[in-house]
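The values are calculated or read from the model by the stated rules, or taken from the named source; none is laboratory data. Since this is a predicted model, take the numbers as computed values, not measurements. Cβ atoms come from the backbone with ideal geometry, glycine included; neighbour counts cover every protein chain shown. For accessibility, only protein heavy atoms count, side chains too; no ligands or nucleic acids. Shrake-Rupley method; radii C 1.70, N 1.55, O 1.52, S 1.80 Å.
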Amino acid sequence: MDQDAFILWDDTRRLIAREPSSGRRVAMLGACTPVSLEDDVLTVKTTSAYAKRSLDAEIDIIEGALSEAAFGPMKLVIEIDRDELRPIFPTLITEGVAQDAEWFDGTGTTPPFTVVGEREPATVIPFEASKTSISEDEFRAQLGEDARESAKHQEQRVQEPSDKSRQNHLTSEVSDQDLKLTFENFVEGAENRIALIAAKQVANGNNSQYNPLFIYGESGLGKTHLLMSIKNYIAKNDPSRTCAYITATDFINDYTKAMMGDRSIIEEFTNDYRDVDVLIIDDIQHLKNATNTVQFFFETFNYLVSNGKQIVLAADEPPAMLGMSERITSRMGSGYETPIKAPELELKRNLIATFYQRYKEEALPGYEGTIPTPVLDVMAASAGDNIRLIKSYVQNCLFLATAVEKVGATITDEDVRAKAREKWPHGQRRVTVEEIQHNVEQVMNVSHADLIGTKRTREIAQARHVAIWLCHQLTDLTYAEIGARFGGRSHTTVMHSFDYVNKLLSDRTDRALIDTIQNLHRKLEM
């Protein structure tokens, strides 16, 4: 390797890294090896046609940085070298990965923690102490002071992507919003912990048994956040690995456009997808009716897996429920599939507290108000399942808190409930057992331990009957499932509670208790 070419290329990469939204560009530069410097021409080689196409599309920007580094006009020549192994350019890789010492996915399945290649097995430590990437400060320190200022400016931007910003084509620029979707910013709970651990494993690239990784769950629960976290982690910590994120809709569009071209365009398109080290496709369920695209996906899938490349897929349902052929779904489910479930009360509390704190830290106009902790708890009990809507809900409530404080008032429980009704109209909010239990405990003045415990005083028994009855009315759970959430009570016991409250409502002898039940029912339905 020409030493002068190496130094000049390294300086060019550092200059480009100072620019906001440069993560993908820096990753593509990292996939190239400088080979010669002659007069005013620097020649680099790459084994990735995808990297070459990406850099050729931005050659003016790169040559500008190259000329700045060389203190004079420079030209860049990018060549494909398919005869050599992909070079490992000096990167910010963090070796090793911490694992969760306890694994449970609801089935008792032991996670596939085998490490492939020549890497040493990872140390197994508790998940809370795990670290799968360098910190933002460490990363910026390695880039230098100017990069730190650019990164600081970037942090002030909006964190969550719009639906449009997530529709990134294979060679498109990554938005500032997408760059904020990291493992560090992901709010963890029991509902998503297994998917988070698996995504970190894939990002570190040391576990072939997560191939493909298939994450499924309803819209707005964090699937895209995890997918983009994988991409951003790889771009930052291991840019020698080429990672592409694309939605299934854009995948279909890319395929359709390529098939309208001549043979060379089709071959180039095919090579682009086969050149990536990690292929991430979101909303894979949209491939269902695209027969020809599904066949191309099937062939690409087989090629990537057989060549040791990683695939990550996400959908709203598990592979077997997508309505595709068994040949396709069996491939999708051949690695590791894990759900992200709707957030229950504890995770909603964490989400709301986290979003609230982030908005306050931004210190922008309209965010000066304060929401007391008890009101945040009411927001958690009133919120629906969609995490994107929960974030917007927190923003709306904070704006309202700011407005009412300007006239000397304080935001109230009813204020945030009204905002929740606007965000989740009747019938669009799923009530959870935790919400029902929490509200019954608050209104009927019993502790959670007593509600699900064995005490049978009149007050506790009535509260328990009411909570069980509400669970039957407002959730889709069976008697056995409800009983399990109330200390493991039997099917017969749950039926007794249901019959007890129905009789109470029909007899109409205890008006105060009936009013309490009806008020709870109305409140939870809002």
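Okay, here's what the table says:
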read-out: Percent carbon-and-sulfur accessible area, region 374-423, ignoring ligands, DNA and RNA, probe 1.4 Å; value: 53 percent
read-out: Size of charge dipole - region 193-269 - debye, nearest 20, with Cβ of Lys, Arg +1 and Asp, Glu -1, no other charges; value: 400 debye
read-out: Exposure ranking of 407, 305 by accessible area [1.4 Å probe, largest first]; value: 407, 305
read-out: Region 251-280 versus region 454-498: alpha-carbon centroid distance in Å; value: 56 Å
read-out: Residue 36 paired with residue 326, simple spin-label distance in nm, labels 7 Å along Cα-to-beta-carbon; value: 5.7 nm
read-out: Å² of accessible area per residue within region 312-356, as computed with a 1.4 Å probe and no ligands counted; value: 41 Å²
read-out: With DNA, RNA and ligands ignored, accessible area of residue 447 (1.4 Å probe; Å², nearest 10); value: 50 Å²
read-out: Shape category assigned to region 219-307 from the gyration tensor of Cα positions, a/c cut at 1.5; value: oblate
read-out: Accessible surface of region 7-63 [probe 1.4 Å, protein heavy atoms]: carbon and sulfur percent; value: 45 percent
read-out: Residue 246 accessible area, 1.4 Å probe, all protein chains in place, Å² to nearest 10; value: 0 Å²
read-out: 3J(HN,Hα) from dihedral phi, region 233-239, Karplus parametrisation 6.51/-1.76/1.60, rounded to Hz, x for glycine, proline; value: 4, 5, 4, 7, 9, 8, x
read-out: Estimated distance in nm for a label pair at residue 316 and residue 370, the labels positioned 7 Å out from Cα along Cα-to-Cβ; value: 4.2 nm
read-out: Geometric extent, Cα atoms of region 264-400 - Rg, Dmax (angstrom); value: 21.3, 64
read-out: Region 273-349 - percent of accessible surface contributed by carbon and sulfur, probe 1.4 Å; value: 44 percent
read-out: Cβ-Cβ FRET estimate between residue 461 and residue 256, R0 fixed at 56 Å, reported to 0.05; value: 0.30
read-out: Using θ = phi - 60° and Karplus 6.51 cos²θ - 1.76 cosθ + 1.60, couplings along region 503-514 (whole Hz; Gly, Pro as x); value: 5, 4, 5, 6, 6, 6, 8, 10, 5, 5, 5, 4
read-out: Amide H contacts under 5 Å for residue 337, placed H, 5+ residues apart; value: 214
read-out: Rg to Rh quotient for region 411-503, alpha carbon positions, Kirkwood Rh; value: 1.01
read-out: Proximal lysines to residue 223, defined as alpha-carbon separation beneath 24 angstrom and excluding residues fewer than eight positions away on the same chain; value: 131, 164, 180, 200, 231, 236, 288, 309, 341, 348, 391, 423
read-out: Most to least accessible of 54, 334 (protein chains only, probe 1.4 Å); value: 334, 54
read-out: With DNA, RNA and ligands ignored, accessible area of residue 506 (1.4 Å probe; Å², nearest 10); value: 80 Å²
read-out: Backbone HN-Hα couplings from phi across region 37-53 [Karplus 6.51/-1.76/1.60, Hz, Gly and Pro as x]; value: 10, 10, 6, 10, 10, 9, 10, 10, 10, 9, 8, 10, 5, 4, 4, 4, 4
read-out: Inter-probe distance in nm under a simple model that places probes 7 Å from Cα toward Cβ, at residue 57 and residue 508; value: 7.0 nm
read-out: Net length gained if the chain between residue 185 and residue 418 were fully extended (0.36 nm per residue, minus Cα distance); value: 81.0 nm
read-out: Residues whose placed amide H lies under 5 Å from that of residue 75, excluding near-sequence neighbours; value: 41, 42
read-out: Overall form of region 1-75 per C-alpha gyration tensor (a/c, 1.5; a/b vs b/c); value: oblate
read-out: Sequence of 238, 60, 262 from largest to smallest accessible area, 1.4 Å probe; value: 60, 262, 238
